[in-house]
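To start, the structure under review is shown below, and the notes come after it.
Every number here is computed from the coordinates shown, using simple stated rules; none is lab data. Since the structure is predicted, the reported quantities are computational estimates derived from the model, not experimental observations. Glycine also receives a Cβ, built like all others from the backbone with ideal geometry; neighbour counts cover every protein chain displayed.
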Amino acid sequence: MTGRQGFSGKAAISGIGMTALSRASGRTELELAADASRAALADAGVDRPDAILCYHLGDSAPVPHLARALGMPEVGWHNEIYGGGTQSASILADAAMLVDAGLAENVLVYRALNGRSGRRLNTLGLRLGEGVEEQFTRPYGMAGPVHQFALAGQRYLHDTGLTEEHTHAVVDQSRAHAARNPRAMRRDRVDLPAYLASPMVASPLRRLDCCQETDGACALVVTRADRAPNAPRVHAVVRGGGPGASAMDKAADVTRVFSAYLAGPLYAAAGMKPGHIDVALLYDAYSWLVPRQLEDFGLAARGDLGAVLLAREIAWNGRVPVNPHGGLLAEGYVHGLNNVAEAVRQLRGTAVNQVADAAVALVTGFGGGYGSAAVLTRPQGG
């Protein structure tokens with residue numbers, strides 16, 4: 001992929017909304033989706049959308065049900081995309097293309113789930129083709145995503161020389177960010193002894209290395225840029241990947257996640273280099289994936305990763321700010337869409353841990369070797 005994409009700069013994220021994040025919402029996915037959507041629409045100053053998109057794993061509220069809950073007698077263009085974290089960045093392109101094509105002026109995007117009290121991701125299979133390929137992985141203990149990423153993480157830490165001290169730095173920094181974030185589920189700091197004493201789930205992943213299981217919803221409104229002149233722009237989005245942590249039996253390198261495939265195409269589509277990125281909203285499903293993405297996106301060289309992490313240069317006021325809200329490890333897990341909401345806050349200049357003069361944000365989402373990434377920008381003069 002070379003050159004700017006047709007929709008670049010023509011769509012803006014004019015509204016964001018979130019419910020409280022919890023481990024037991026006591027509410028249906030539809031109620032959560034409706035509350036987050038109403039908040040996003042109010043934030044955007046929009047009465048009702050003319051298109052609605054969502055993504056899910058069979059665990060959310062259907063679009064027609066949400067439209068009815070929002071008091072819409074009919075709904076125009078709408079779609080429900082099957083998928084989890086891989087969709088959290090690329091659904092921005094789906095919305096932007098609708099706007100660019102003239103099919104909608106305001107697109108509501110949402111993700112709602114009872115990820116702790118309802119259907120839990122750690123009870124799902126690896127989704128390697130309706131169970132056909134699982135017969136080759138389950139005998140080796142690959143019972144779910146955590147085992148898959150633990151195997152890849154073990155190899156990555158070995159190859160890079162990173163240790164438990166470095167993964168602890170990722171976890172503790174996410175908690176430090178979350179400590180000032182009233183939405184966050186995990187605000188307590190974790191010192192190294194406490195981290196080392198935490199239960200091991202699948203070596204090298206301790207419980208603290210794994211993202212939250214969360215009940216909640218997040219919603220965005222993507223609008224024609226000329227209707228929202230001060231809102232952050234959808235500048236570039238890419239989607240794709242190849243064999244890696246999600247197709248281990250076919251991968252030459254099991255540690256190669258989506259970012260190894262997509263960093264180059266993203267920068268080409270954006271017309272940018274790593275130095276242009278002011279803040280990175282990285283899909284931190286597991287702690288080791290933060291240095292992996294820092295390396296792939298050129299934000300830190302492999303040989304510098306250890307020093308960057310230990311010096312807390314990934315802090316909101318550090319050299320390479322990562323997830324100033326606490327990310328999926330500490331704020332909560334709304335399948336990555338909450339990271340997009342934080343990118344919008346950063347570009348608006350309204351975040352709790354505000355990165356100074358943030359004008360360009362990187363947002364990622366993935367499920368292994370396949371995923372998506374986006375660059376959002378603050379409008380000139382915004």
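Numbers below:
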{"read-out": "Whole-Hz ³J(HN,Hα) from phi, Karplus 6.51 cos²θ - 1.76 cosθ + 1.60, for the range 171-182, glycine and proline x", "value": "5, 5, 5, 5, 5, 4, 5, 5, 4, 9, 9, x"}
{"read-out": "P(r), alpha carbons of the chain - 20 Å bins starting at zero, rounded %", "value": "31, 61, 8"}
{"read-out": "Amide H contacts of ILE52 (H built 1.01 Å from N, under 5 Å, at least 5 apart or other chain)", "value": "HIS78, ASN79, LEU108"}
{"read-out": "Computed helical MRE - 222 nm, the chain, DSSP H runs ≥ 4 contributing -39500 (n - 2.57), nearest 500", "value": "-9000 deg cm²/dmol"}
{"read-out": "Positive-end extreme of charge dipole, the chain - chosen from ALA152, ALA178, GLY85 (charges on Cβ)", "value": "ALA178"}
{"read-out": "Distance cut-off 18 Å, percentage of C-alpha pairs in the range 1-93 lying past it", "value": "54"}
{"read-out": "The range 275-365, Cα convex hull volume normalised per residue, Å³", "value": "82"}
{"read-out": "Cα-based shape type of the range 233-297, given that a ≥ b ≥ c are square roots of the gyration tensor eigenvalues and the cut on a/c is 1.5", "value": "prolate"}
{"read-out": "Cβ-placed point charges (K, R +1; D, E -1), dipole of the chain about Cα centre in debye, nearest 20", "value": "380"}
{"read-out": "Largest-first principal axis extents of the Cα set of the range 162-205 (Å)", "value": "31, 19, 15"}
{"read-out": "Vicinal HN-Hα couplings computed from phi for the range 159-165 (Karplus, 6.51 cos²θ - 1.76 cosθ + 1.60; Hz; Gly/Pro x)", "value": "5, 8, x, 6, 10, 4, 5"}
{"read-out": "Separation between Cα centres of the range 33-52 and the range 151-211, rounded to whole Å", "value": "35"}
{"read-out": "For the range 279-292, Karplus couplings with θ = phi - 60° (6.51, -1.76, 1.60), whole Hz, Gly/Pro x", "value": "8, 10, 9, 9, 6, 9, 4, 9, 4, 5, 6, 5, x, 4"}
{"read-out": "Computed Kirkwood radius, in angstrom, where 1/r is averaged over Cα pairs of the range 180-270", "value": "17.9"}
{"read-out": "Gyration tensor (alpha-carbon) shape descriptor, the range 48-114, a/c threshold 1.5", "value": "oblate"}
